[in-house]
1. Quick check on the range 329-365: of everything there that is of a type in the set (A, V, I, L, M) and closer than 17 Å to THR423 by Cβ, which residue is nearest to the chain's Cα centre (by Cα)?
2. Are there any pairs, at least 6 apart or on different chains, whose C-beta atoms fall under 6 Å, with the first in the range 244-257 and more than 12 Å from MET448 (Cβ to Cβ) and the second modelled with pLDDT under 95 and assigned to a helix (DSSP H, G or I), and if so, which?
3. Would you mind stating whether ASP364 is in contact (Cβ under 8 Å) with a residue 40 or more places away in the chain and at positive phi?
4. Could you tell me whether any residue of the range 460-478 is within 27 Å of the chain's Cα centre (by Cα), at pLDDT below 95, charged (D, E, K, R) and not assigned by TED's automatic domain parsing to the domain that holds ARG350?
5. Of all residues in the range 264-291, which are in a loop (DSSP other than H, G, I, E, B), of a type in the set (Gly, Ala, Ser) and over 17 Å from GLY333 (Cβ atoms)?
6. When you go through (1) buried (at least 21 other Cβ atoms within 10 Å of the Cβ); (2) at pLDDT below 95 one by one for VAL317, which number turns out not to apply?
7. Name the residue that is surrounded by the most Cβ atoms within 10 Å (Cβ to Cβ), counting only residues in the range 320-335 that are outside any loop (DSSP other than H, G, I, E, B) and among the acidic types (Asp, Glu).
8. When you go through LEU9, LEU67, LEU17 one by one, which is the residue that is at pLDDT below 95, touching a helix residue (DSSP H, G or I) at 6+ places or on another chain (Cβ under 9 Å) and not acidic (Asp, Glu)?
Amino acid sequence: MKKSMFKVLSVVLCFALLFGGAVSTSAEGSVEISRIHCTVNGDTATQRGISWFTNVETDTVVEIYSLGLINVTDALTIETECKEWDGNYMHKADISGLTAGVTYTYRIGDGEVWESGTFTTDNGDNIVNFVAVADIQASSLENFEVGQATINAAFEKMPFADFYVNLGDFTNDSTNEEWDYYAEAMDGINAAQTIIPVAGNHDSNSGWFDAMFALDTTESVQTNNGVNYSFDYGNVHVAVVNTNDMIAISNAQLTWLENDMNSTDKDWKIVFMHKSPYSLGKDIKWPDACYLQESLAAVCDETNVDLVMSGHDHMYVRTKPLNDNKVVDQEDGTTYILAGTAGSKRYEFRKFILDNYFSQEILDVAVSQANGEYFANGNLDNLDETNKGGVFNTVTVVDGVLHIESYVVGDESGETKMIDELTIVKATGENTATFTGENVQKSNIADMAGSLASLAKYALGTWLPMFLRTLPDLLTEYAATGTF
């Protein structure tokens, strides 16, 4: 409660002290500040990254306030960067020297024109709360506003989340116009939160993702099509995986993930990624996503990952706990959640997926936001119009208990309805770090060749027989609906 009160006070002071002086006009030659993000960048207790864009070249100035009043900028280390990016100017600031468990306000700009925001550093306790969304993937302001409404509903449900995760596909084509629409809809949300961004396949346009966010890229396999990175928050260790790496995932990144998960003694291990290994949607039929069932899932099995959250297929899916693609006891397996779409582009179930691309037995709950179809207890026939809408997920970790709630925000009603919940309980204090070396696995020609060979072997030996087996159903559906 004390942490929450300090955060409320800080936000109020931020508005009073900083927003009152902020100017960002659109007159010719004036400075416009947009695309604001505060990200995890290293130690979550003492470091943050802040990024923004301007329409003209300016100085890169950051000021940090404690409790909205005390300027602590000079006591910190702030490294800044500015460069031209596709007709605009990208600004980044890496901030270190912060104090754990403190809510800060910041203002960014050129020294005269400012925009402002807040963030709270990790206090190191064993209570962690976060929101997860995926796939806004919009092209118009109207559709970005659907995502905005979904995320606003998430923070109404969990107003004091430590951070929020966007599991990829921020825009549809990663163009300036779309990122401007995104900023118009999301800057107010992003300036008040710490975001954990995950690269989606629609974000993999020649360095755009890396340009948009101030992230720690020291261990990233590459940065052209996305970024992989990791961090601790309380008693949770998180790895963010880039599934744009070598079509699906490279051998180098799989090695990085294995080392990363073996380097922590935190009680909970969570992976965030974009493409989902398990789905009832249209993209699971291709080898890149299916390959994750074999490659990434094996690493999760070996390193005792508790939870994997992903996006990509624009529906909600949760598996039972799995090991070696088989259902196991909760404490022995990994739960996979396809987090639904926060936006308006939604996919229907492709029923031929079941028992062809994976066993129906492994699925626990699935919801198609396209037509409201609902899967549970082995039944795929229930329809409910109230399941149509943007989906968000809230996750709470308290010591050895992890609780997930998933909600849909009704398109017509605007009401928030729970569609799924799950509690995972485990013993704490049992994880040990077994990897202590330097975990830098850079992409090179040898790794690319080996990765392509691994994917080709899987595609020819495992995926192709599945695809050919389901091809008649796929063509029949295509003839009836026009959907391939």
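1. So in the range 329-365, the residues of a type in the set (A, V, I, L, M) come out as 337-339, 342, 353-354, 362-363, 365.
Next, only the ones that are closer than 17 Å to THR423 by Cβ stay: 337, 365.
Numbers: ILE337: 12, VAL365: 21 Å.
Taking the candidates together, the pick is ILE337.
2. Correct list of pairs: ASN244/ASN201; ALA248/ASP288.
3. Details: in contact (Cβ under 8 Å) with a residue 40 or more places away in the chain: yes; at positive phi: no.
Against the criterion (in contact (Cβ under 8 Å) with a residue 40 or more places away in the chain and at positive phi), ASP364 does not qualify.
4. no
5. Kept after step one, since they are in a loop (DSSP other than H, G, I, E, B), are these residues of the range 264-291: 264-267, 273-281, 286.
Right, trim to of a type in the set (Gly, Ala, Ser) and you get 276, 279, 281.
Result: SER279, GLY281.
6. (2)
7. If we filter the range 320-335 for residues that are outside any loop (DSSP other than H, G, I, E, B), which is where we start, we get 322-323, 326-327, 330-332, 334-335.
Checking which are among the acidic types (Asp, Glu) leaves us with 331-332.
On the way: GLU331: 13, ASP332: 11.
Within the range 320-335, the match that is surrounded by the most Cβ atoms within 10 Å (Cβ to Cβ) is GLU331.
8. Numbers: LEU9 fails: touching a helix residue (DSSP H, G or I) at 6+ places or on another chain (Cβ under 9 Å); LEU17 fails: touching a helix residue (DSSP H, G or I) at 6+ places or on another chain (Cβ under 9 Å).
None of the others qualify; the one that does is LEU67.
The values are calculated or read from the model by the stated rules, or taken from the named source; none is laboratory data. From a predicted model like this one, the values you see are computed outputs, not experimental measurements. Virtual Cβ from ideal backbone geometry, glycine too; neighbours counted across all protein chains shown.
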